[in-house]
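> Here you go, one structure.
The values are calculated or read from the model by the stated rules, or taken from the named source; none is laboratory data. All values derive from a computational prediction rather than experimental measurement. Cβ atoms come from the backbone with ideal geometry, glycine included; neighbour counts cover every protein chain shown. Each accessible area value is taken on the protein alone, full model and side chains, heavy atoms only, with ligands, DNA and RNA left out. Shrake-Rupley method; radii C 1.70, N 1.55, O 1.52, S 1.80 Å.
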Amino acid sequence: MVNKLSEWSAAFLISACSYAVLFYLNDWLTSGLAYGSGVNWIYLPAGLRLFLTLVFALPGAFGIAIASFLICYFAATPPDFVTCVGIASISGFAPYMARIFVISSVPLAKDLSDLNLPKLVLCILIFAFLSSGLHQTWFAIRSLDNAGTLKHFCVMFIGDVIGSILLIALIKYGLDLLKQFRKTID
């Protein structure tokens, strides 16, 4: 029981910290590509959200949600508490819902051992659709600046897809480099 709790806690902390770091790094790197509040043409944290929930499942979703809440709540112009809770919930649980949908609809092992490129692309598209749709719906419900339009949905969807592909490609490239490095040492 203690071991499970420590594994869950580690996954939660890794998810929360890495998401927060990448959020601010993405904000710094792509500030010129922002389309509107919460909408970016390239959003690398989308790929991390998907990756963390694929790997860590529920602890990853909770870690992302808590980090997202803190980012939103302590922003320079923070929305109200309820808006932050909604944004955080969507940020953490849209990729988790995509994970559940893909695992239940596509022949995919729970440990993701048979995850291949077509299945990953499907997962990215489902995640981006859920995330963009839920975020824009919430933004419209909460009457945030020009949010909830089809144009904002499309830009957010494209940003999530591009960010997911770029980040997962970077992770794959990093793992390939690590393998090559280990081979040269042996």
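> Which residue fluctuates most in the GNM of the chain (Cα springs below 10 Å): A88, A147, A46?
Looking only at A88, A147, A46, the largest GNM fluctuation is found for A147.
> Mind ordering 167-180, 55-68, 2-15, 92-105 by average Cβ neighbours within 10 Å, highest first? Present the calculation step by step, with values, prior to reporting the outcome.
Working: 167-180: 12.0, 55-68: 22.4, 2-15: 13.6, 92-105: 19.9.
The most tightly packed comes first, giving 55-68, 92-105, 2-15, 167-180.
> Rounding to the nearest 10 and keeping the result within 0 to 90°, find how far the Cα-based axis of helix 44-56 lies from the longest principal axis of the chain.
That works out to roughly 50 degrees.
> Another question, then. What's the local net charge at I168, with K and R +1, D and E -1, over the other residues with C-beta under 15 Å away? Walk me through the intermediate numbers first.
On the way: positive: R49, R99, K119, K172; negative: D160, D176.
Summing Lys/Arg as +1 and Asp/Glu as -1 gives +2.
> Ignoring ligands, DNA and RNA, what percent of the accessible area of the range 33-81 is carbon or sulfur (1.4 Å)?
Working: 1610 of 2120 Å².
Answer for the range 33-81: carbon and sulfur cover 76 percent of the accessible area.
> Using the heavy atoms of the protein chains and a 1.4 angstrom probe, tell me the accessible area per residue for the chain in square angstrom. Don't skip to the end; give the middle numbers.
Details: 10460 Å² over 186 residues.
Value returned for the chain: 56 Å² of accessible area per residue.
> Then there is this: I need the calculated FRET efficiency for the pair F101 and T30, taking r as the beta carbon distance and R₀ as 41 Å, to the nearest 0.05.
On the way: r = 28 Å, r/R0 = 0.68.
Efficiency, rounded to the nearest 0.05: 0.90.
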